[in-house]
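**Student:** Below is one structure. I have some questions about it.
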Amino acid sequence: MCFNFQILEAEVPFETSVVIEGRRIIDIQFFIDQIKTLNNHNTATGCTFDNLNIIKERKDSLKSSFTFLCNMCNMQFQLFSTQSSAAKMDVNQGAVTGALMIGSGKSNLNELLASIDLLTITQFTYEKCHDEIATWWQLAAENSMQAAAQEETSKAISCGDVKDGIPVLTVIADCCWSERSYQTNYSAASGVADIIGYRTGKVLYIGVKNKYCVVCARAAVKSVLPASHKCFKNHTGSSTSMEQSVIVEGFKTSLARQNVIYGTLIADGDASTYKKIFESRPYPNYQVQKIECSNHLLRNYSGKIINLCKDTSIPLQERRFLTADRQKRLRTCWHGWHADAWPSNMLFVFEGHKI
Ligand SMILES: [Zn+2]
Ligand SMILES: [Zn+2]
């Protein structure tokens, strides 16, 4: 077995041992094996681990290396808390990944680490690990989307959905923002939209749009040019147009990325996204179709029934007809109706009021 501990130098002057405080994260078997090897570091003098004193700890956020000095033979050794491996995340990368997975950040991560009496992670290391992880995730996401496209392609071909030799897929698309809109406030600074294969339920395309960058914004306030930076601002215009922008990009690049046509779009009742796709003409010989998403349609339907119940311009005795039980039955009734049967300009009327 090969260990990372190193003999630093021999015949050095005696140095005072230091007290190591707090707790450390270690690769347990790796650390024990290093100690075992150090126990027989000099058979000529018969030194053991008892003769070793820690004289220095070098910290790299959650990773440590300890320098030991033998009080018998004066040799120095270095032990590492964790093992480095190209095939595995190190402890710092693992901690940052954990923070990202739970929607946290450096401050929260350090509060947790400090509470356990572990070392904390520095700003520099956090940012470095964050960038590395982002690159890995981007690569993994791209590979996953390519595999999903292959799966969708096989299913489309087996169903005969092919146009001029190119598989034609049915896809679902939707968007969400960093801030809830409550159907009135569409001012979020970031939005993410994705395109999902209907037959596999797997993501085929995802895009993020930001209309705010703190470096650019601060420079604008001072009326100066921003310093060189990695700018995350990639969108101008309204927050609602982020959805159209990402989805249109997905359609326009599907042939080049995955050699497929996104032939039918299942989406919410908002016609603007489909209009933008239609105008962008992503496929020279194919016109994209649209199907209304039943979930969105029923949500809007239920929402409008609830609004009717609150509409004081309607006499109370009439609104009382819309009991909670009847609202549920109306929704269930519509759910049983096949989506293909819904006209695109569907209009419901209750007591003369449009729903
Ligand atoms: Zn020794
Ligand atoms: Zn910027």
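Values quoted throughout were computed directly from the atomic coordinates according to the rules given, and no laboratory measurement underlies them. Every value quoted in this text rests on a predicted model; they were computed, and no experiment measured them. Here the Cβ positions follow ideal geometry from the backbone for every residue, glycine too, while neighbour counts run over all protein chains shown.
**Student:** Just the C-alpha atoms of the range 143-292: what Rg/Rh do they give, with Rh taken as the Kirkwood radius?
**Tutor:** Reported Rg/Rh (Cα atoms, Kirkwood Rh): 1.05.
**Student:** On the principal axes of its Cα set, how long, how wide and how thick is the range 191-263? Give whole Å, largest value first.
**Tutor:** Largest first, the range 191-263 extends 51, 23, 17 Å along its Cα principal axes.
**Student:** So what is the relative contact order for the chain, in percent, with contacts set as C-alpha pairs under 8 Å and at least six apart?
**Tutor:** Relative contact order comes out at 10 percent.
**Student:** While we're here: What is the ratio of the Cα radius of gyration of the range 161-231 to 2.2 N^0.38 Å, with N the residue count, to two decimals?
**Tutor:** Here the Cα radius of gyration is 1.67 times the empirical estimate.
**Student:** When the distances between all Cα atoms of the chain are binned every 20 Å from zero, what whole-number percent does each bin get?
**Tutor:** 20, 36, 28, 14, 3, 0
**Student:** Can you show me the helix-derived [θ] at 222 nm for the chain, built from DSSP H runs with n ≥ 4 at -39,500 (n - 2.57) apiece and divided by the number of residues, rounded to the nearest 500.
**Tutor:** Helix-only estimate at 222 nm: -12500 deg cm²/dmol.
**Student:** Considering the convex hull of the alpha carbon atoms of the range 6-80, report its projected area averaged over all viewing directions, in nm², one decimal.
**Tutor:** Averaged projected area of the range 6-80's Cα convex hull equals 5.0 nm².
**Student:** How far apart, in nm, are two points set 7 Å out from the Cα along the Cα-to-Cβ line at T253 and at S107?
**Tutor:** 3.3
**Student:** Highest mean first, what order results for 33-39, 312-318, 202-208, 133-139 on Cβ atoms within 10 Å?
**Tutor:** 202-208, 33-39, 133-139, 312-318
**Student:** Return a whole-number percent for the relative contact order of the range 6-80, with Cα pairs under 8 Å and 6 or more residues apart as the contact set.
**Tutor:** Computed over the range 6-80, the figure is 39 percent.
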